[in-house]
Structures are given as structure tokens and as C-alpha cells.
Amino acid sequence: MRHEQSFYTEVLDHYFATGEFLETGSSEPLYTYLRSILENPIIKVQALSDEVCARVLYDTLSQFILQNLEREKYNYQRKQSEEKSRQLITQWTHDRKRDGWQALVEELDCQYGRYGFNAPFYRQAFGKEGQTDDDILWEKLAEDWKEAIQRQLNEKKETEIENYRDSLERRISSNLQNIPSYLQRNRIEKDEFMQAWGMMNGLWNTSDFERIRKIVRIQKDFPQIAEVADAMGRTAHDDGKERIHITEGNDSKLEHASQCDIAGITISNDLNSLLPIEIAYCSDKELEKIFLNRFLTQKLQTFRYQSEITQPARRLQTRPAQRKGPMIVCLDTSGSMTGVPERVAHSTLIRLLEIADRQKRDCFLIAFSVSIQPIDVRKERANLLSFFSRTACGDTDASRMMKKTFELLQSGKSYQNADVLWISDFRIPLSSPALLHQLQEARQNGTRFYGLQTGIAENEWQPYFDRIWRIGYNSPRRY
């Protein structure tokens with residue numbers, strides 16, 4: 001069976017949300033290999049007990065999955081001509097079936113005999129008088145051929161996974177060990193790390209990290225960047241503004257008592273309530289594995305305190321029915337954006353990308369001067385890094401960018417409630433009345449347009465936006 005990327009994303013999301021591997025009954029090689037990684041006790045403890053480690057493991061595995069699917073796609077494409085031939089054999093004429101079955105069976109035996117294609121059966125079946133026109137037999141041959149192709153592709157996939165297995169596991173082990181210690185040594189804030197790491201495609205090296213981190217740190221000088229990012233991504237109501245929700249759980253009885261109100265012994269994975277015997281297991285190298293196993297299965301012996309006694313509770317609530325909306329970022333790359341404006345724009349984009357990754361939202365970048373360069377930010381991370389290395393140049397014309405924006409907004413339901421952000425110095429001449437009319441029409445239909453203006457130039461676009469933030473800065477002197 002072949003799975004799409006969304007399937008593996010669901011597997012990872014479920015694991016990091018619940019701590020349990022998503023059971024689907026699939027025996028597909030990549031799914032099976034992911035299970036072996038995520039159910040490793042050492043990795044599981046690290047990934048589920050630390051937010052940084054969880055993000056590192058998630059992104060590292062996501063990159064590996066993407067690379068594996070690209071190789072799988074290439075292998076499937078190479079089989080397309082053979083797949084067409086397979087589908088056509090049931091439509092062969094009587095004469096072609098009679099004269100061609102032997103050569104076909106021999107060819108399939110040679111190519112797929114080791115993958116379960118039963119050539120002796122077909123030699124015997126077609127050898128009987130009158131059987132070469134049996135439609136059911138030809139349909140069975142086509143189906144067996146298909147299964148043999150799939151077995152061959154699965155074996156190739158298993159081989160490729162095995163070839164990359166050692167390097168991936170070394171990278172995971174190295175990342176989970178080195179990254180947290182590096183952050184601790186250099187006193188790097190978690191939010192800074194998350195933003196910079198999001199640009200690294202799951203590949204850690206300190207030089208690239210520090211280069212990207214410098215761009216992230218610009219946000220400390222310009223708090224408007226955080227305000228813009230927080231405003232983006234308005235949510236949309238799918239099923240009405242509110243829905244009824246039944247809340248079930250427990251009400252805890254909290255008393256003014258320290259940990260002296262012991263009510264008994266229980267089992268859990270609460271490290272703050274361990275019995276002395278469990279602490280002994282944890283501190284002994286030979287017994288540490290027993291401790292880890294009990295921690296993962298929530299079977300550690302722990303004290304039960306009176307303040308933890310709970311009562312069942314159930315109540316009705318109304319909650320908003322919301323769906324996170326996508327973001328469209330239009331980034332000015334004309335020559336007037338060189339220097340501080342360009343760095344501000346890149347820092348804003350990195351922050352928006354981190355939000356898009358964390359909240360699983362689409363984010364589309366349209367870089368524009370006279371021409372445009374559209375990038376699907378979450379899917380084309382390598383193109384985004386390449387984009388950051390280019391210098392702003394050229395004049396500014398918003399026409400093509402606006403046409404692409406409207407094309408996205410009209411492309412389907414997923415972009416109907418998008419928020420649009422322009423990052424520019426707004427030294428942009430107003431577009432044609434037709435495009436301005438489309439912009440106003442999009443606003444009336446629910447799309448919000450925001451702006452982040454770098455510099456203090458006069459802004460003719462103000463009436464066409466819901467809000468524009470302005471960043472003033474001093475240009476460095478040159479002698």
C-alpha cells in the first residue's frame with residue numbers, strides 16, 4: 001500500500017499529541033519503520049518530556065518522510081508505462097491473446113517470479129484448449145501482475161529505508177543530545193530557537209542556526225513584527241458561530257496542604273510523587289531500564305495525596321466552531337527594500353512560518369517587484385532559504401502580485417477566508433481601478449488586508465487596508 005504525505009503527518013500529529021503511535025493496521029514499510037523509531041523507549045522519553053526535543057524529532061522525521069516519498073514517487077513514475085500495458089491486456093484481441101500469452105507469462109516470470117507471480121499456474125491454465133479467451137483468467141493475471149509490481153516497489157522502498165537508516169538514527173540521536181545542551185549553554189530562548197530551527201529543514205548546524213537567529217533577533221528591536229504576526233491568520237466559522245459541547249472530566253478538591261496529606265499509594269508517571277523505591281531504580285544504572293519502562297507505561301509507584309482526590313463533573317458549554325485560516329504574504333523585493341527593510345521582512349516571514357508550522361496552517365509567499373515569485377512556504381522550504389540569499393533590486397509594480405493574490409483567493413474554499421499581509425515601504429504606485437475594485441470586493445467578502453510598512457514614505461494605500469503597522473528606522477551613515 002502506498003500512503004500520501006498527509007497520512008504520515010496524521011501519524012506524527014497523533015503521536016506528539018497523545019504519546020501513542022497511531023494504529024492503522026498498515027504494513028507499509030515507511031509506516032513500520034516510523035513505529036520502530038517512535039516506540040524506542042529512549043527517544044520516547046526525550047521527545048515527550050521536552051518541547052524542544054519534540055519539535056526537533058517531528059521536523060527531522062518529516063524531512064525524512066518527504067525525501068522517502070520523493071524517491072517513491074520517482075520509482076512509481078518509472079512504472080507508469082508498464083502499468084498502462086498491464087491495464088490493456090484484458091482488451092487484447094482473440095488472436096493476440098492466443099499468440100502472445102506465452103511470451104507475456106515468460107516475461108513476467110523472469111521479472112516478477114521472485115515477487116510471487118505464479119507463472120506455472122498460467123502456463124497450465126492457458127495451455128488448456130479454449131482457455132486463452134477466458135476473461136476471468138486474464139483479469140486475474142492483470143491483478144497478480146499489479147500485486148507483483150507493488151511487492152517489488154515495497155522491497156525497493158525497504159532497501160532504500162535500510163540504506164538511510166543508520167544516518168537518520170545517528171542524526172536523531174545527535175540532534176536530541178546536542179541541540180538542548182547548545183541552547184542551555186548559550187541561553188537561547190525557546191521562541192528564538194523554534195523560529196530559526198523552522199528554517200533548517202531538520203538539519204542542524206550551529207553556523208546556519210546562528211545566521212538565521214540574527215534575523216530572528218531583529219524582532220526585539222521592532223515589536224510591531226510580533227503584533228502583525230499575532231493579527232494574521234484570523235479563524236473562520238464552518239458550522240455557525242457557536243456549537244454545543246459537553247465537557248466531561250473531574251473537579252479536583254484542592255486544600256491548603258503540602259505533600260503531607262498522603263491518602264494512599266497509586267500508579268502513575270508523576271515524577272514529583274515517586275516512592276523511594278522508584279527513586280532507587282532511577283538512580284541505579286543497571287535498573288534504569290526498568291524505571292523507564294514503568295514511566296512509559298505509567299506504572300511507577302507514587303504517593304496519592306488528599307489534594308488530588310477528584311469528583312466526576314459534566315456540564316454543557318458553547319464553543320466557537322472555528323477553522324484556522326491560511327496566510328498570504330506579499331513581500332516587496334524592489335531596490336528600495338535593501339538593508340533594514342529587507343531584514344525586517346525576512347524576520348517577519350520567519351515568525352509567520354513558525355506560526356504556520358505550529359498551527360498546521362497554509363502560508364503562501366508572493367515576492368514581487370516588477371515580476372513575481374510565488375512560493376508555498378511550508379512545502380518549498382529550500383526555495384525559501386534560496387530566496388533569503390537574494391538581494392532586493394528593481395522597481396515596484398503591484399499589479400501582477402495582486403492578480404496572483406486574487407487568483408489564490410478564488411482558487412477554492414481553503415483560501416476564501418485568508419488574511420493577506422503586504423510587507424513593503426509602500427513606495428508603490430496605485431494599481432488600476434479594476435484591481436483596486438477587486439481588492440475592495442475581496443474585503444467585503446471577508447478577506448482582511450494588513451500592511452507592514454518599513455520607512456515613513458507617504459502611503460496612498462491606507463484606505464484599502466484594514467490596518468497598516470509602520471516601522472521607522474535610522475539608515476546607517478556611509479562615509
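The values are calculated or read from the model by the stated rules, or taken from the named source; none is laboratory data. Small disclaimer: the values here were computed from a predicted structure and weren't measured. Here Cβ is always computed from backbone atoms with ideal geometry, including for glycine, and neighbour counts include all displayed protein chains.
Within the range 75-105, can you find the residues that are part of a loop (DSSP other than H, G, I, E, B) and under 44 Å from the mean Cα position of the chain (by Cα)?
Residues of the range 75-105 part of a loop (DSSP other than H, G, I, E, B): 79, 92-93.
The one that is part of a loop (DSSP other than H, G, I, E, B) and under 44 Å from the mean Cα position of the chain (by Cα): 79.
Could you please tell me which pairs satisfy a Cβ distance under 7 Å, a separation of 6+ or placement on different chains, a first residue in the range 182-195 that is surrounded by 17 or more Cβ atoms within 10 Å (Cβ to Cβ) and among the hydrophobic types (A, V, I, L, M, F, W, C), and a second residue that is at pLDDT below 90 and outside any loop (DSSP other than H, G, I, E, B)?
194/354
Which ones in the range 107-135 are in a helix (DSSP H, G or I) and either at pLDDT below 90 or more than 45 Å from the chain's Cα centre (by Cα) (or both)? So that I can check it myself, show each step before the final result.
Taking the range 107-135 and keeping what is in a helix (DSSP H, G or I), we get 107-115, 119-127, 131-133, 135.
Matches in the range 107-135: 120, 121, 122, 123, 124, 125, 126, 127, 131, 132, 133, 135.
Please go through the range 89-115 and pick out each residue that is surrounded by fewer than 12 Cβ atoms within 10 Å (Cβ to Cβ) and closer than 30 Å to residue 7 by Cβ.
Matches in the range 89-115: none.
Exactly one condition in (1) of a type outside the set (Gly, Ala, Ser); (2) in a helix (DSSP H, G or I); (3) without any contact (Cβ under 8 Å) to a residue 40 or more places away in the chain is not met by residue 145; state its number.
The one condition residue 145 does not meet is (3).
Against the condition under 30 Å from residue 46 (Cα atoms), surrounded by fewer than 18 Cβ atoms within 10 Å (Cβ to Cβ), touching a helix residue (DSSP H, G or I) at 6+ places or on another chain (Cβ under 6 Å) and of a type in the set (Asp, Glu), how does residue 158 come out, does it pass? Don't jump to the end; show me each part of the working.
Details: under 30 Å from residue 46 (Cα atoms): yes; surrounded by fewer than 18 Cβ atoms within 10 Å (Cβ to Cβ): yes; touching a helix residue (DSSP H, G or I) at 6+ places or on another chain (Cβ under 6 Å): yes; of a type in the set (Asp, Glu): yes.
Yes, satisfied.
Return the residues of the range 451-476 that are at pLDDT below 85 and of a type outside the set (Gly, Ala, Ser); say none if nothing qualifies.
Within the range 451-476, 456, 458, 459, 473, 474, 476 meet the criteria.
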